[in-house]
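Engineer: The structure follows.
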């Protein structure tokens, strides 16, 4: 079995994972101060977020009536890339809120 077949067997689309991974890599490389932790975790976080959030997001876009092409694959991959890019920012915001809530101080930048 290839890696692609294994991913598909567990319900993950390899194209969506790669798009999310690429979005996370873009986010990691666009930071002014790159930290090793972010360079490693941002692509992984982007891939996981894209894997689980892309299809519901594309479905929601269709439900609210935004125009979609006949073949939704470009929309799926573009959404996966955007979700992968935003995933680490969202996790930073959530982590900052949790730390502020329990410690009363902000996370250092």
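The values are calculated or read from the model by the stated rules, or taken from the named source; none is laboratory data. Quick caveat, the model's predicted, so the values are computed rather than measured. Neighbour counts are summed over all protein chains in view; Cβ atoms, including those assigned to glycine, are modelled from backbone coordinates with ideal geometry.
Engineer: Checking the conditions here, which among 11, 65 is at positive phi, at pLDDT below 85, surrounded by fewer than 20 Cβ atoms within 10 Å (Cβ to Cβ) and out of contact with any helix residue (DSSP H, G or I) (no Cβ under 7 Å at 6 or more places or on another chain)? Give the steps one after another, and end with the answer.
Structural biologist: Values: 65 fails: at pLDDT below 85.
Going through 11, 65 in turn, the sole match is 11.
Engineer: Got a number for residues in segment 14-40 being loosely packed, with under 12 Cβ neighbours inside 10 Å and under 24 Å from residue 78 (Cβ atoms)?
Structural biologist: Selection size over segment 14-40: 1.
Engineer: Now for a different question. Filter segment 73-109 down to the residues that are part of a loop (DSSP other than H, G, I, E, B) and at negative phi, then identify the one that is modelled with the highest pLDDT.
Structural biologist: 105
Engineer: Continuing with this model, one more query. Taking the conditions exactly as written (closer than 23 Å to residue 91 by Cα and modelled with pLDDT under 85), does residue 40 satisfy them or not?
Structural biologist: Criteria met by residue 40.
Engineer: Which helices (runs of 4 or more DSSP H) does segment 1-72 wholly contain that include 1 or more residues that are within 15 Å of the chain's Cα centre (by Cα)?
Structural biologist: In segment 1-72, the matching helices (runs of 4 or more DSSP H) lie at 14-29, 36-63.
Engineer: Of all residues in segment 18-32, which are closer than 15 Å to residue 89 by Cβ and either touching a residue at least 12 places away in the same chain (Cβ under 8 Å) or touching a strand residue (DSSP E or B) at 6+ places or on another chain (Cβ under 7 Å) (or both)? Can you show your working first?
Structural biologist: As a first pass, look at segment 18-32 and keep what is closer than 15 Å to residue 89 by Cβ: 20, 23-32.
Across segment 18-32, the qualifying residues are 20, 23, 24, 25, 26, 27, 28.
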